[in-house]
Amino acid sequence: METNKKIDMKPIRAQKRFNIKSQKTQEFINGYLFLLPALLLLGVFLLYPMGMAFYYSFTDFYILRPDQKQFIGLENFTYIFQDAEFKQAFKNTAYFALLVVPIQMAVALGLALLINQKLKCKVFFRTAYFSPVVMSLVVVSILWTFLYNPNEGLINEMLGIFGISPQPFLTSPNQAMNSIIVMSVWQGAGFQMLIFLAGLQNIPKHLYEAASIDGANPLQQFWNVTLPGLRNVSIFIFVTITIAAVKLLVQPMIMTQGGPLGSTKTLVYHIYEVGFNYRDVGYASAMAVVFTILVLIITIIQRKFTGEERG
C-alpha cells in the first residue's frame, strides 16, 4: 500500500529565489567591474579637474605661489564682469559662432545634396570633401597661415590674377576673424556633409514621387520634403557645430595668437592665456566655470528641441 507524501515546496522556491538573486548580484558586480576602468578615467581626467577648477575659482591661487592661496569668495566672478579682455573674448566667440554655424551648415548641406545626386566619381568627391576633417587641426592651421600670407600666399597670388590687390587677412583686425571662419568652414564641413548625406538617404523616395505628381518643382520639393525630413539631423548638427564654435582655440592660437589687437582672442584662448601664461589659476578657473555654464545652457536648449521633436 502506497503512502501519499505531500512534498513541501517552500524550501525549493526559496532556494530558487536565492539562486536568482545571487546570479543578479554577480551580474551587477561583473558589470561594474567592466565599467571600473572607464569610471576611473572619467574621475581622474574629468570629474576631479572639474571639482578642482570649481574650488580654485573661489581662491587667488597663483601657480608660482601654490602655498599662499587664500579663499576670496566671489571676487573672481565679480571681476569677470569688469574685465575688458573677457568681454572682448566673449564678443569674438559670439561673432565666430553666429557666422560659422549657419555658413558651415549651408555648405555641408549643399555638398550633401551634390553628392546625393547620380554623378560620376561620387566616391572621389565624397572622400575629397571629407579629407580635411581627418587632418590635424594644427597642421590645417599652419597650412592656411601660409595660404593667407599677405606677400607670398597662394590666395593673394590668385587674387592678383583678377587684378585684386593683396589682402592682409590675418594681420588685419577687420579680416582676421573672418579668415579663420573661412578656414574653419573648409575644415569642418565635410563631417556635417556625411551626416546630412545619411539623413538624405533615409528620406523615403515615395515622398518625392508624390510631390512630383502633385506638380511640385525641385525648389518646392526641397522646401516641403527635404528640409522637414532633415529636421532631427539639422538639430544635431546645429548643436554640435555651436558647441565646437564656442570652444574655438587651436585656430587663433596657431594662426594669430589672439591678435591683431585681440580681434581673434576667444573665451577658451583667454582662459588658457590667463591660466598658463599669466599663471593666475584662480581667475582662469572662475572663467572656466562660467564657460561650463554657457555650454550647459546650450545643452539644455538642445534637450528642449529634441524633447519637442520626440513629443
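At full extension, MET50 and PHE222 could sit 57.4 nm farther apart than now, given 0.36 nm per residue minus the alpha carbon distance. Mind pulling the angle between the C-alpha long axis of helix 137-147 and the longest principal axis of the chain? Nearest 10 degrees, somewhere in 0 to 90. Tilt relative to the chain: about 10 degrees.
With a Förster radius of 30 Å applied to the C-beta separation of LEU74 and LYS304, the computed FRET efficiency comes to 0.55. The sum of -39500 (n - 2.57) across all DSSP H runs of n ≥ 4, divided by the residue count of the chain, sets its helix-only mean residue ellipticity at 222 nm to -22000 deg cm²/dmol. In this label model, VAL133 and MET158 are separated by 2.2 nm, measuring between points 7 Å along each Cα→Cβ vector. What angle, in degrees between 0 and 90 and rounded to the nearest 10, separates the Cα long axis of helix 10-42 from the longest principal axis of the Cα atoms of the chain? Result, in degrees: 20.
Here the gap between PHE125 and LEU207, fully extended at 0.36 nm per residue and compared with their Cα-Cα distance, gives a gain of 26.8 nm. Highest GNM mean-square fluctuation among LEU39, LEU227, LEU207, for the chain modelled with Cα contacts below 10 Å: LEU39. Please check: in the Gaussian network model of the chain (C-alpha springs, under 10 Å), which one of PHE169, PHE28, PHE45 has the largest mean-square fluctuation. Greatest mean-square fluctuation among the candidates belongs to PHE28.
Under a Gaussian network description of the chain, with springs only between Cα atoms under 10 Å, the residue in GLY199, GLY163, GLY229 that fluctuates furthest is GLY163. For the stretch 267-309, the list of trypsin sites (Lys or Arg not before Pro) that fall in a loop by DSSP and count at most 14 other C-beta atoms within 10 angstrom reads ARG279. Local charge for ARG126 was computed over the other residues whose Cβ lies under 14 Å away, with Lys and Arg +1 and Asp and Glu -1, and equals +3.
The mean sequence separation of alpha-carbon pairs under 8 Å and at least six residues apart, normalised by the residue count of the chain, gives a relative contact order of 27 percent.
With q set to 0.19, 0.22 Å⁻¹, the log10 of I(q)/I(0) for the stretch 172-311, from the Debye formula over equal scatterers at the Cα positions, is -1.13, -1.28. In order along the stretch 192-197, the Karplus-derived 3J(HN,Hα) couplings, from 6.51 cos²θ - 1.76 cosθ + 1.60 at θ = phi - 60°, round to 5, 4, 5, 5, 4, 4 Hz, and Gly and Pro are given as x. If we count GluC sites (Glu not before Pro) as exposed when they sit in a DSSP loop and have at most 11 other beta carbons within 10 Å, what is the longest stretch of the chain that avoids them all? Excluding the exposed sites themselves, the longest stretch runs over 153-311.
Spatially, the stretch 174-189 and the stretch 97-133 are offset by 16 Å when compared through their Cα centroids.
Once you reduce the stretch 151-170 and the stretch 202-242 to the center of their Cα atoms, the two points are 39 Å from each other. Loop-resident trypsin sites (Lys or Arg not before Pro) (DSSP state other than H, G, I, E or B) in the stretch 97-137 with no more than 11 further Cβ atoms inside 10 Å of their Cβ: LYS118, LYS120. Dividing the mean sequence gap of close Cα pairs (under 8 Å, 6+ apart) by how many residues the stretch 122-199 holds gives a relative contact order of 34 percent.
Quick note: the coordinates plus some simple rules give every number you see, no bench work behind them. This structure is a prediction, so every number in the text was calculated from the model and none was measured. No Cβ is skipped: glycine too gets one built from the backbone with ideal geometry, and neighbour counts run over all protein chains shown.
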